[in-house]
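A quick write-up on the structure given underneath.
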Amino acid sequence: MRPAIAALATALAGCAAVTPADSPEGAPASLAAAESAFAAQSVREGMKAAFLSWLAPGARMFRDGPVDGPALVAGRPDPPIVLDWRPAFVEVAASGELGLSTGPWRMTSRKDPAAAPRHGQFVSVWKREPGGGWRVHVDLGIGHEAAALADAALVARTTPAAPGPEAGSVAQAEAAFASRAAAEGDRAAYAAFASATIRLYREGSAPFLGRERALDSPAAGDARTAWALDSHEVAASGDLGYAVGRFGPAPGATAGDFVRVWRLEAQGWRIAADVVDLRGSR
């Protein structure tokens, strides 16, 4: 996988030479290049060094709830693994400072290189300060049996403009989603708020890509999950945002945590990516 990452970084560097990486137009390519550089460092120097280099101060990871990622990584020894990954889909807000990156990961053992690799997908929210580089602010992922999207062509794009009526805030969209789920069930909530291009991630399964597959997935069942928003943030351009919170079988009962990325579309805020982490599973 490392040669593929090097080739990708070279190709993206060529794109950045035409479009400045610190401009909104060059932001998707620069974020994909940052993700690829992060992965290459993980392979080259180990997971601990790479995560400490690329996580923003206070970045959230999830271990039975959200934790301070840099503190978690710094307090543990470097695991005896090779963790490799690549971006398959990158989307950056029109303002160029907030983005989603997601794709497949592959883990192999340094102690037993012949052992079967493990596979999964990562979902990361990145931000960059004016004049600064990209850093990971939220990181969550899933595992599944076989490789998925390993050879998928990279899609790196700016959030499409979507003129329409006043859509309210991401917090209001989350509240409406939670209300629909409580009243009518999770499938009704996803049917109302899933983008046509939603990317839905659940442990043990390859990603469910697109509205139809998401609504046919186990996530969109009859359960009336209680979703509770903890925090959210929206890009300066107001077209891309994310929410972090908890969910459970009833209000006040926490079974796990979620990260949802919201995109402003012509119909209003719609879910672009959705991933959950069950507590007690790590």
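The values are calculated or read from the model by the stated rules, or taken from the named source; none is laboratory data. Everything numeric in this text was worked out from a predicted model, so none of it was measured. No Cβ is skipped: glycine too gets one built from the backbone with ideal geometry, and neighbour counts run over all protein chains shown. Calculation scope for accessible area: heavy atoms of the full protein, side chains included, ligands and nucleic acids excluded. Shrake-Rupley method; radii C 1.70, N 1.55, O 1.52, S 1.80 Å.
Below are the figures for this structure:
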{"read-out": "Extension reserve of the Val43-Gln267 stretch, reckoned as 0.36 nm per residue once the Cα distance is removed", "value": "76.4 nm"}
{"read-out": "Cα gyration tensor shape for the stretch 27-94, rounded if a/c is under 1.5, else prolate or oblate", "value": "oblate"}
{"read-out": "Solvent-accessible ranking of Trp54, Trp126, largest area first, probe 1.4 Å", "value": "Trp54, Trp126"}
{"read-out": "Residues of the stretch 20-140: accessible area per residue with a 1.4 Å probe, Å²", "value": "38"}
{"read-out": "Net dipole in debye of the stretch 152-282 [+1 Lys, Arg Cβ; -1 Asp, Glu Cβ; about Cα centre; nearest 20]", "value": "220"}
{"read-out": "Computed [θ] at 222 nm, deg cm²/dmol, the chain (DSSP H ≥ 4; -39,500 (n - 2.57); rounded to nearest 500)", "value": "-8500 deg cm²/dmol"}
{"read-out": "Percent accessible area from carbon and sulfur atoms, the chain, protein chains only, probe 1.4 Å", "value": "56"}
{"read-out": "Residue among Val125, Ala49, Ala188 farthest towards the positive dipole end of the chain, charges placed on Cβ", "value": "Ala49"}
{"read-out": "Dipole magnitude (debye, nearest 20) for the chain, charges at Cβ of Lys, Arg, Asp, Glu", "value": "600"}
{"read-out": "Computed Rg/Rh of the stretch 233-279, alpha carbon atoms with Kirkwood Rh", "value": "1.08"}
{"read-out": "The stretch 121-248 shape via C-alpha gyration tensor axes, a/c threshold 1.5", "value": "oblate"}
{"read-out": "Å² of accessible area per residue within the stretch 152-282, as computed with a 1.4 Å probe and no ligands counted", "value": "44"}
{"read-out": "Along each principal axis, Cα extent of the chain, largest first, Å", "value": "50, 43, 33"}
{"read-out": "In sequence order, calculated HN-Hα J values of the stretch 29-44 (Karplus, 6.51, -1.76, 1.60; Hz; x Gly/Pro)", "value": "5, 5, 5, 4, 5, 5, 4, 5, 5, 4, 5, 5, 5, 4, 5, 6"}
{"read-out": "Backbone HN-Hα couplings from phi across the stretch 93-107 [Karplus 6.51/-1.76/1.60, Hz, Gly and Pro as x]", "value": "4, 4, 6, x, 10, 9, x, 10, 9, 8, x, x, 10, 9, 10"}
{"read-out": "Rounded to whole Hz, the Karplus (6.51, -1.76, 1.60) HN-Hα couplings of the stretch 239-254, x for glycine and proline", "value": "10, 9, x, 9, 10, 10, x, 10, 9, x, x, 7, x, x, 9, 9"}
{"read-out": "Probe 1.4 Å, all protein chains present, accessible-area order of Leu264, Leu229, largest first", "value": "Leu229, Leu264"}
